[in-house]
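J.: Before I ask anything, let me first share the structure, which is written out below as structure tokens.
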Amino acid sequence: MNPADSFSRWILGHRAWVATGLTILTLIAAAGIYDPIRGQPRIRVDPSLNEMLPADDPARRFYEERTHDGFLRFARVGRDFYASEERWPTRPFWAARAKWPDAEPPHARAVGGKLRIERRPVVDGGLIVEREVVVTPDQPRGIWRVDGVPLAELIGHLRVYEGEPIAERAPLLAKRLGVGDGNLAVALDWLRSRRVLAAGGTVAIEPASIDLDSTELEGEKGAERGAAR
């Protein structure tokens, strides 16, 4: 028997221990970067960071949100593992860990809840800058691009062409966004999957699925139509 087969047999024979070990390591990783009591990262850096990354710097916000969201996600995965214990659910050790840190799921549903557009920090060309992103229940830090297509900008253009045939406007949309036809098709399919763009051959944004600043878009509508025709 070769070493790989022996290792596989050992894993199968010790599944419970392996699962427990992996979960503990996950919790250690989560707790190691964040202090849940003080609500601050445990990783300490030189105070000069406050000068290099002031409170309004997108990079600071990017770091804080990523640390916070990552910690909660790992902690909730660990909570669900402890909650799966059926032999001693009422014992203090298991009961306490099966309820911490909260009752929220590790990952929100991809479909459901209203989407919104916000300015949030993203990584663009190796730099952290603010861009308009689409915030979803399962992606609270926002989605900037799908297959290279900036979603918020795409939605703004689609609002201009409301009620018009998508097939006729697709080439112009791809040109305006600086993407290929295939990339645009992927982004449009993503909007349909999230029920933002109605199925069919015409442009129809579902107002029940996304919050939009219609006043601002209406102000741009006439100028963009004039440029397009």
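J.: Looking at R61, R79 in this structure, which one is modelled with pLDDT of 60 or more, outside any loop (DSSP other than H, G, I, E, B), in contact with a helix residue (DSSP H, G or I) (Cβ under 8 Å, 6 or more places away or on another chain) and basic (K, R)?
T.: Selected residue: R79, the only one of R61, R79 that is modelled with pLDDT of 60 or more, outside any loop (DSSP other than H, G, I, E, B), in contact with a helix residue (DSSP H, G or I) (Cβ under 8 Å, 6 or more places away or on another chain) and basic (K, R).
Residue-wise test of (1) over 14 Å from L197 (Cβ atoms); (2) surrounded by 14 or more Cβ atoms within 10 Å (Cβ to Cβ).
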site: A103; (1), (2): yes, no
site: H107; (1), (2): yes, no
site: P121; (1), (2): yes, yes
site: R131; (1), (2): yes, yes
site: Q139; (1), (2): yes, yes
site: G142; (1), (2): yes, yes
site: V146; (1), (2): no, yes
site: R169; (1), (2): no, yes
site: A174; (1), (2): yes, yes
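J.: Only one residue in L184, L151, L158, L191 is at pLDDT 90 or above, in contact with a Lys or Arg (Cβ under 7 Å, 6 or more places away or on another chain) and surrounded by 14 or more Cβ atoms within 10 Å (Cβ to Cβ). Which one?
T.: Testing whether each residue is at pLDDT 90 or above, in contact with a Lys or Arg (Cβ under 7 Å, 6 or more places away or on another chain) and surrounded by 14 or more Cβ atoms within 10 Å (Cβ to Cβ) leaves just L151.
J.: Only one of (1) at pLDDT 85 or above; (2) among the aromatic types (F, W, Y); (3) in a helix (DSSP H, G or I) fails for W17. Which number is that?
T.: All conditions are met except number (1).
J.: Follow-up. In the range 147-177, what residues are farther than 15 Å from V133 by Cα and among the small types (G, A, S)?
T.: G163, A167, A170, A174 - these are the residues of the range 147-177 that are farther than 15 Å from V133 by Cα and among the small types (G, A, S).
The values are calculated or read from the model by the stated rules, or taken from the named source; none is laboratory data. Keep in mind it's a predicted model, so treat the numbers as computed, not measured. Note that we place each Cβ from the backbone using ideal geometry, even for glycine, and neighbour counts take in every protein chain shown.
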